[in-house]
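The values are calculated or read from the model by the stated rules, or taken from the named source; none is laboratory data. All of these numbers come straight from a predicted model, not from anything done at the bench. Cβ: placed from backbone, ideal geometry, glycine included. Neighbour counts: every protein chain shown. Ligands, DNA and RNA are stripped out before the accessible areas are found, and what is left, the full protein with its side chains, is counted by its heavy atoms. Shrake-Rupley method; radii C 1.70, N 1.55, O 1.52, S 1.80 Å.
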Amino acid sequence: MKKSLARLADGREIVYFDESGDTVRSTPDPRDLPAFRPSPTVRYDALLDEWVGLADHRQDRTYLPPDDQCPLCPSTAGRPTEIPATSYDVVVFENRFPAFAALPAGPELGEYSDLRRQRGGTGRCEVVCFTADHDSSFSALTPQRVGTVIEAWADRTRTLSALPHVEQVFCFENRGAEIGVTLSHPHGQIYAYPFLTPRTRQMLTAARAYRERTWRDIFADVLAAEQRSEDRVVVSGEHWTAFVPYAARWPLEVHVYPHRQLPDLPSLSGAERAELATVYLDVLRRMEAVFDDTLPYIAAWHQAPVRIDRDLAYLHLQLFSIRRAKGKLKYLAGSESAMGAFVNDVSPEAAARLLRDAG
Ligand SMILES: [Zn+2]
């Protein structure tokens, strides 16, 4: 695999991950773009002890353009896109409409009191294109291509973790208009946050309490219990196990754990990366087969915080869909959206059976 760095016309960084070692990336971006000067902020919600990102410039972003206007397709002679190349394997670039971005040094914004705190949304948001083929999908990629995507995620995690102010790096894919995807070209995103996300903080609090009580690792024990009971296991390999969580929140939800504690994707061995590519595809194809329908889903990589609790966190992939039956969606309504209390209409054991039978 060959990695090449370049800049887009407005100064944003673009990184190519090419499967062939001889590919040369030297085509400049011919567009006349305004300078890239995003100004996202974050505000502190004192009631919930959580940070909320504010990025009102994102309201202007491209929304479901026609296929011949896709900004993630390779450029052609008459139509320059975000990728100034006639083809690519995997490419990553800075999001033009970021929720978090590198901000110029200067006086901090806003107010400081117990109740009102606001600061710059320092961080970075990147787009990851999985293939130049507009009509493809992640589940249709070859294991080799998924391997290249994993290398790109690991590279970006390492790079973004080294940026000042970044506390957590999140690689994810939103798939399907029902999830709110604004571009149909197969792609994912990476957020480098200037704070710990609420879910990560909550999981680490539980892991710490469990360790203090038992001297054991909660994630390793959850994995071992699932492997022993087998009720909810969907796919098991030498290095990875995929299972429906005991208290699944979503109609179709699968967690994929490595068989040893690792903080993040860069820590994976070559053998773990190779098997992950096949296990990931296997699980995703089973999920798509259950309802025989275009599956809206979210694929979320849970990685350790950049600076703290590296030995307490446990790398894992969370895959879930809002599809609850063919043609039907689960919406986040009052209990979930207002109270954060999930009610799942499908039993985790039944979901695991459906997924095992879908293979
Ligand atoms: Zn496209």
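Filter region 177-189 down to the residues that are modelled with pLDDT under 95 and more than 15 Å from Ala140 (Cα to Cα) and list them by number.
Ala177, Glu178, Ile179, Gly180, Val181, Thr182, Leu183
Please go through region 307-319 and pick out each residue that is over 24 Å from His259 (Cβ atoms) and either of a type in the set (Val, Ile, Thr) or in contact with a helix residue (DSSP H, G or I) (Cβ under 7 Å, 6 or more places away or on another chain) (or both). Break it down stepwise before answering.
Pass one, region 307-319, residues over 24 Å from His259 (Cβ atoms): 307-308.
Within region 307-319, Ile308 is the sole residue that qualifies.
I'd like the full set of residues that are open to solvent by 20 Å² or more (accessible area, probe 1.4 Å) and either away from the ligand (no atom under 16 Å from the Cβ) or not in a strand (DSSP E or B) (or both), limited to region 182-194. Can you show your working first?
Filtering region 182-194 down to residues open to solvent by 20 Å² or more (accessible area, probe 1.4 Å) leaves 182-184, 187, 189, 191, 193.
Hits for region 182-194 are Thr182, Leu183, Ser184, Tyr191, Tyr193.
Across region 29-67, which residue is modelled with the highest pLDDT among those that are within 16 Å of the ligand (Cβ to nearest atom) and closer than 23 Å to Asp10 by Cα? Give the derivation first.
To start, the set of residues in region 29-67 that are within 16 Å of the ligand (Cβ to nearest atom) comprises 61-67.
Those left that are additionally closer than 23 Å to Asp10 by Cα: 61-65.
On the way: Arg61: 65, Thr62: 67, Tyr63: 66, Leu64: 70, Pro65: 76.
The extreme case among them is Pro65.
Limited to region 71-88, what total is found for residues that are outside any loop (DSSP other than H, G, I, E, B) and either of a type in the set (Gly, Ala, Ser) or within 12 Å of His187 (Cβ to Cβ) (or both)?
Kept after step one, since they are outside any loop (DSSP other than H, G, I, E, B), are these residues of region 71-88: 74, 76, 79, 83.
Checking which are either of a type in the set (Gly, Ala, Ser) or within 12 Å of His187 (Cβ to Cβ) (or both) leaves us with 83.
Count: 1.
Just give me the residues in region 12-28 being modelled with pLDDT of 95 or more, part of a loop (DSSP other than H, G, I, E, B) and open to solvent by 20 Å² or more (accessible area, probe 1.4 Å), in sequence order. Give the steps one after another, and end with the answer.
Residues of region 12-28 that are modelled with pLDDT of 95 or more, as a first pass: 12-19.
Filter once more, keeping what is part of a loop (DSSP other than H, G, I, E, B): 12, 19.
Glu19 - this is the single residue of region 12-28 that is modelled with pLDDT of 95 or more, part of a loop (DSSP other than H, G, I, E, B) and open to solvent by 20 Å² or more (accessible area, probe 1.4 Å).
Select from region 195-226 the residues that are of a type in the set (Val, Ile, Thr) and surrounded by fewer than 18 Cβ atoms within 10 Å (Cβ to Cβ) and write down the one among them that is nearest to the ligand (Cβ to nearest atom). First the steps, then the outcome.
Taking region 195-226 as the starting set, the residues that turn out to be of a type in the set (Val, Ile, Thr) are 197, 200, 205, 214, 218, 222.
Remaining after also requiring surrounded by fewer than 18 Cβ atoms within 10 Å (Cβ to Cβ): 197, 205, 214.
On the way: Thr197: 29, Thr205: 41, Thr214: 50 Å.
Here the answer is Thr197.
Considering only residues that are open to solvent by 10 Å² or more (accessible area, probe 1.4 Å) and either of a type in the set (A, V, I, L, M) or in contact with a strand residue (DSSP E or B) (Cβ under 6 Å, 6 or more places away or on another chain) (or both), which ones fall in region 280-302? Reasoning before the result, please.
As a first pass, look at region 280-302 and keep what is open to solvent by 10 Å² or more (accessible area, probe 1.4 Å): 282, 285-286, 288-294, 298, 302.
Those that are open to solvent by 10 Å² or more (accessible area, probe 1.4 Å) and either of a type in the set (A, V, I, L, M) or in contact with a strand residue (DSSP E or B) (Cβ under 6 Å, 6 or more places away or on another chain) (or both): Asp282, Ala289, Val290, Phe291, Ile298, His302.
Tell me which residues, restricted to region 346-359, are under 10 Å from Leu252 (Cα atoms), open to solvent by 50 Å² or more (accessible area, probe 1.4 Å) and assigned to a loop (DSSP other than H, G, I, E, B).
Within region 346-359, just Ser347 meets the criteria.
Counting only residues that are within 16 Å of the ligand (Cβ to nearest atom) and under 15 Å from the mean Cα position of the chain (by Cα), how many does region 138-163 have?
1
Residue by residue through region 233-266, note down the ones that are among the hydrophobic types (A, V, I, L, M, F, W, C) and either in a strand (DSSP E or B) or open to solvent by 20 Å² or more (accessible area, probe 1.4 Å) (or both). Even if it seems obvious, please write down each step before you answer.
So the first thing to find is which residues in region 233-266 are among the hydrophobic types (A, V, I, L, M, F, W, C), and the list is 233-235, 240, 242-244, 247-248, 250, 252, 254, 256, 262, 265.
Within region 233-266, Val233, Val234, Val235, Trp240, Ala242, Phe243, Ala247, Trp250, Leu252, Val254, Val256 qualify.
Determine the pairs where a residue that is over 19 Å from Trp301 (Cα atoms), located within region 203-218, has a partner that is assigned to a helix (DSSP H, G or I) and β-branched (Val, Ile, Thr) with Cβ atoms under 8 Å apart, the partner being 6 or more residues away or on another chain.
Pairs that qualify, where the first residue is over 19 Å from Trp301 (Cα atoms) and the partner is assigned to a helix (DSSP H, G or I) and β-branched (Val, Ile, Thr), are Tyr210/Ile218; Arg211/Ile218.
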